[in-house]
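A quick write-up on the structure given underneath.
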Amino acid sequence: MPGKLLRVHAAGAVLALAALSVTACGDDFDHVKLTMAAGSDTGVYHKLSTALADGWTREPGIPRPQVVVTAGSVDNLERLRTGQAQVGFSAADAAEDAQATPDGHRLLALARMHDDYLQVAVRADIPATSLTDLKGLRVSLGAPDSGVRLIAERLLRSANMSPDDDLKVRYLDLNATTDAMRDNALDAFFWSGGVPTTGVTTLATTVKIRMLDLTDVLPNLRRLYPVYGSATLPASAYELPGGPITTPITTLVVRNFLLVTDDMPDDVAEALLRGLFRAQPDLVAASPVARSIEVRSAIETTPLPLHPGAKNYYRDVKV
């Protein structure tokens with residue numbers, strides 16, 4: 001776990017007081033000011049965050065939250081823990097790690113959102129068909145403070161591969177990764193996100209890539225880290241002629257949570273969650289992954305506890 005995730009900066013505490021003006025009276029949420037940690041601007045987190053920010057201006061009627069581009073889950077969690085953000089997305093694995101430490105604000109969940117699929121993409125002209133075939137290649141494992149890096153390094157080590165010794169590793173965010181692929185400066189990359197991810201779709205229109213099937217390496221990873229699941233990614237996941245998936249592949253999946261902290265008042269958390277489900281048509285318009293967001297599965301946020309305000313909402317709708 002990156003060390004800075006465990007630090008609580010004094011500046012963060014000041015930011016928390018300045019940014020989280022969330023004392024609401026009755027149904028008046030005019031003074032609620034939120035910053036959302038939203039990941040890469042070509043990723044699903046950012047699309048959903050932008051749609052949520054717009055939706056929350058209608059219900060519960062708060063000033064539009066600031067949507068901030070970040071490196072991904074690990075970065076989002078640090079911003080939540082240190083008060084630099086009040087709402088953020090995270091994959092379950094990174095959130096589980098962060099929750100295990102007592103420093104900073106305590107992480108609490110509003111809802112389980114969509115699931116992320118791990119996508120290990122290689123240039124189509126490289127004869128790699130399995131994870132071990134990446135040895136010696138130029139591979140991006142995601143941005144330094146991203147959940148992508150966490151998953152990639154865990155997967156490689158579970159397959160008895162050393163990121164530093166077996167690969168020519170780079171740590172790039174999705175934008176830098178796609179640029180490097182276009183410049184022929186990378187052979188392969190790891191990405192974990194909702195499907196389809198805009199950055200991957202756009203890349204596949206200019207660079208021929210394909211996805212690796214991970215059937216052979218997933219059992220050991222899942223034995224070591226039960227937080228992960230597996231699923232089939234269909235060929236229709238990226239609807240492009242000759243796109244990155246030509247036949248169904250088996251890959252890793254991880255749940256995503258919408259998180260706040262124990263610093264958020266119960267009535268605000270409940271109102272945000274109510275607004276989320278009212279805004280679901282807008283979330284679906286922003287990304288098709290939002291079709292999987294529904295009340296009965298949203299309550300399933302183990303290993304993170306639900307915020308008390310979220311519990312109030314789910315009780316009210318009789319989940």
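Taking each residue of the stretch 237-257 that is touching a residue at least 40 places away in the same chain (Cβ under 8 Å) and over 17 Å from A124 (Cβ atoms) and looking for partners that are open to solvent by 20 Å² or more (accessible area, probe 1.4 Å) and among the aromatic types (F, W, Y) with beta-carbon atoms closer than 9 Å, six or more apart or interchain, yields T251/Y117; L252/Y117; V253/Y117; V254/Y117; N256/Y45.
Residue count for the stretch 300-310, restricted to those that are surrounded by 18 or more Cβ atoms within 10 Å (Cβ to Cβ) and over 20 Å from R58 (Cα atoms): 4. Filtering the stretch 185-225 to residues that are in a loop (DSSP other than H, G, I, E, B) and more than 19 Å from G43 (Cβ to Cβ) leaves A185, D187, K208, L212, D213, L214, T215, D216, V217, Y225. Mind checking which residues of the stretch 191-208 are buried (at least 23 other Cβ atoms within 10 Å of the Cβ) and either more than 23 Å from R112 (Cα to Cα) or of a type in the set (S, T, Y) (or both)? Passing the criteria: S192, T197, V200, L203, A204. Restricting to the stretch 81-102, name every residue that is farther than 23 Å from T197 by Cβ and in contact with a Ser or Thr (Cβ under 9 Å, 6 or more places away or on another chain). Those that are farther than 23 Å from T197 by Cβ and in contact with a Ser or Thr (Cβ under 9 Å, 6 or more places away or on another chain): R81, G83, Q84, Q86, A98. Look through the stretch 53-78, keep the residues that are touching a residue at least 24 places away in the same chain (Cβ under 8 Å), polar (S, T, N, Q) and in a helix (DSSP H, G or I), and return whichever of them is farthest from L172 (Cα to Cα). In this case the residue turns out to be N76. Applying the criterion of being within 18 Å of G199 (Cβ to Cβ) and open to solvent by less than 10 Å² (accessible area, probe 1.4 Å) to the residues of the stretch 149-173, the residue that is farthest from the chain's Cα centre (by Cα) is A152.
In this structure, V319 qualifies as at pLDDT below 95 and either under 25 Å from A204 (Cα atoms) or not in a helix (DSSP H, G or I) (or both). Of the residues making up the stretch 104-122, those that are open to solvent by 10 Å² or more (accessible area, probe 1.4 Å) and touching a Lys or Arg at 6+ places or on another chain (Cβ under 7 Å) are G104, H105, R112, D115.
Selection over the stretch 255-294 of residues that are surrounded by 15 or more Cβ atoms within 10 Å (Cβ to Cβ) and either among the β-branched types (V, I, T) or outside any helix (DSSP H, G or I) (or both) gives a count of 16. Just name the residue that is surrounded by the most Cβ atoms within 10 Å (Cβ to Cβ) out of those in the stretch 219-249 that are within 19 Å of I151 (Cβ to Cβ) and in contact with a Gly (Cβ under 9 Å, 6 or more places away or on another chain). Result: A237.
If the condition is being among the β-branched types (V, I, T) and either under 17 Å from S73 (Cα atoms) or touching a strand residue (DSSP E or B) at 6+ places or on another chain (Cβ under 7 Å) (or both), then the stretch 45-61 contributes only T50.
Evaluated against (1) modelled with pLDDT of 95 or more; (2) under 24 Å from D93 (Cα atoms); (3) not hydroxyl-bearing (S, T, Y), P303 falls short on exactly one condition, (1).
The values are calculated or read from the model by the stated rules, or taken from the named source; none is laboratory data. These numbers come from a predicted model, not from an experiment. Please note: Cβ atoms are built from the backbone with ideal geometry, for glycine as well, and neighbour counts cover all protein chains shown. When the accessible area is computed, the model is the full protein with side chains, heavy atoms only, and any ligands, DNA or RNA have been set aside. Shrake-Rupley method; radii C 1.70, N 1.55, O 1.52, S 1.80 Å.
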